[in-house]
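Contents: one structure, followed by commentary.
Each reported figure results from applying straightforward, stated rules to the coordinates on display, with no laboratory input. Computed from a prediction, not measured in an experiment: that's the story for all the values here. Glycine also receives a Cβ, built like all others from the backbone with ideal geometry; neighbour counts cover every protein chain displayed.
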Amino acid sequence: MYLGTKSASGQAVNGQDDSSQKFRMEVLNGLSRSPKRLDSKYFYDSEGDKLFQQIMAAPEYYLTRCELDIFQNKTADLADVILSDGSSFDLVELGAGDATKSVYLLQHLLDKGADFSYMPIDISGNILSVLNEKLKAQMPKLGMVMLEGEYLQMLGKAMSLSKRRKVVMFLGGNIGNMSPVDAKRFCLQVRERLEPGDLFLIGFDLKKRPETILNAYNDKAGITAEFNLNLLRRINKELDANFDVQQFEHYESYDPETGACKSYLVSLAAQQVTIGSSNVQFDKDEIIFTEISQKYSKADINTMAAATGFELVQNCTDSKGWFIDSFWKAV
Ligand code: AVI
């Protein structure tokens, strides 16, 4: 079953749809701030998707392999927490993508005879239709409801579709791409939609040796640099802009005190860029802040759970102890 919020009525005047207008507005607003900023959610055009696939395969980028290790090798631990309640449930995944990790859990739950439906949520209808075909072929007995749209809105929809308890997953360390303040707000918003007893499973990248973290975002092959710079190429293509990408460079920083790993683009010259009918001035060495990848300690995770209406039930860790999938129960 497919459910979503998009329709032809989303089209606006001048042939530009709402999302393109929003993109233009957010880019111009971000570049008028000090320091300048661009939102990392815009990394993912088709070129950005390809570069992110390459990042995940890069030797320095450990996050994906660590979480895959948990889903492949600690599947029974994950399933035990979910099944300990004994009742039927809906497994809701925020930003399911191609569900590379979740399939291990789904298969294990099916093998155990668990009574559940899978409800993947994704902003991309295309990704959901590919996922739908893949899972139908791989797990014909799996009940699925595909939810196309924004996470929180679709979580509300999932709540209204069935009264079964919910197990919500937010994997990949995506919570790290929110500032700690935004991450807390997001967890509160998830909690507001859930019922007591519902579970929330979040993937956190842990604070660790600073060099290991920094290298993950500064790979030798320069893929992360291209991923960051591709945002300027996307703005050129979609917003009629003229960034000279050669005149910007990727810069990464990690602060082991706060756990904030941040990506920037640095202007290598004083320059003016045109975006549609607007002009943006850059000083030499001026920065654009493009992404935070926040790292957490176990204590940070505990504090966040308690501050957002959850109780931490269990932490599942990879064999290196670098990444945690943390189970929280709504109280
Ligand atoms: C998607 N997200 C969890 C990635 C991260 O690690 O912050 C995005 C990424 N940015 C650069 N490399 C990977």
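Residue selection: PHE200 fails the criterion of being in contact with a helix residue (DSSP H, G or I) (Cβ under 9 Å, 6 or more places away or on another chain) and within 16 Å of the ligand (Cβ to nearest atom).
Set side by side, the residues VAL280, VAL331, VAL313, VAL266 differ, and just one is in contact with a Gly (Cβ under 8 Å, 6 or more places away or on another chain) and either β-branched (Val, Ile, Thr) or free of Cβ contacts under 8 Å to residues at least 40 places away in the same chain (or both), which is VAL331. Take the conditions charged (D, E, K, R) and touching a helix residue (DSSP H, G or I) at 6+ places or on another chain (Cβ under 8 Å) and apply them to LYS112. Does it pass? Yes. Look through the stretch 74-129, keep the residues that are touching a Cys at 6+ places or on another chain (Cβ under 8 Å) and charged (D, E, K, R), and return whichever of them is farthest from PRO196 (Cα to Cα). Selected residue: LYS74.
Scanning the stretch 140-186 for residues that are part of a helix (DSSP H, G or I), touching a Phe, Trp or Tyr at 6+ places or on another chain (Cβ under 9 Å) and more than 16 Å from the ligand (Cβ to nearest atom) turns up just one, LEU152. Applying the condition of being under 14 Å from the mean Cα position of the chain (by Cα) and among the acidic types (Asp, Glu) to the stretch 42-89 and asking which residue is surrounded by the most Cβ atoms within 10 Å (Cβ to Cβ) yields GLU67. From the list LEU231, LEU214, the one residue that fits, being within 16 Å of the ligand (Cβ to nearest atom), buried (at least 17 other Cβ atoms within 10 Å of the Cβ) and among the aliphatic types (A, V, I, L, M), is LEU231.
For ASP205, the conditions (1) within 12 Å of the ligand (Cβ to nearest atom); (2) in a helix (DSSP H, G or I) all hold with the exception of (2). Applying a threshold of 7 Å to beta carbon distances and a minimum spacing of six or more residues, or different chains, the list of pairs starting in the stretch 284-295 at a residue that is under 10 Å from GLY176 (Cα atoms) and ending at one that is in a loop (DSSP other than H, G, I, E, B) and within 8 Å of the ligand (Cβ to nearest atom) reads SER293/TYR217. Candidates in the stretch 30-41 are the residues that are in a helix (DSSP H, G or I) and touching a strand residue (DSSP E or B) at 6+ places or on another chain (Cβ under 9 Å); of these, the one that is nearest to the ligand (Cβ to nearest atom) is SER40. Inside the stretch 279-331, can you point out the residues that are closer than 16 Å to ASN174 by Cα, in a strand (DSSP E or B) and charged (D, E, K, R)? Answer for the stretch 279-331, where residues must be closer than 16 Å to ASN174 by Cα, in a strand (DSSP E or B) and charged (D, E, K, R): GLU291, ASP325.
The selection criterion, being in a helix (DSSP H, G or I), surrounded by fewer than 21 Cβ atoms within 10 Å (Cβ to Cβ) and more than 16 Å from the ligand (Cβ to nearest atom), holds for GLU238. Restricting the search to helices (runs of 4 or more DSSP H) fully inside the stretch 42-139 and requiring at least 1 residues that are within 13 Å of the ligand (Cβ to nearest atom) gives 46-57, 63-73.
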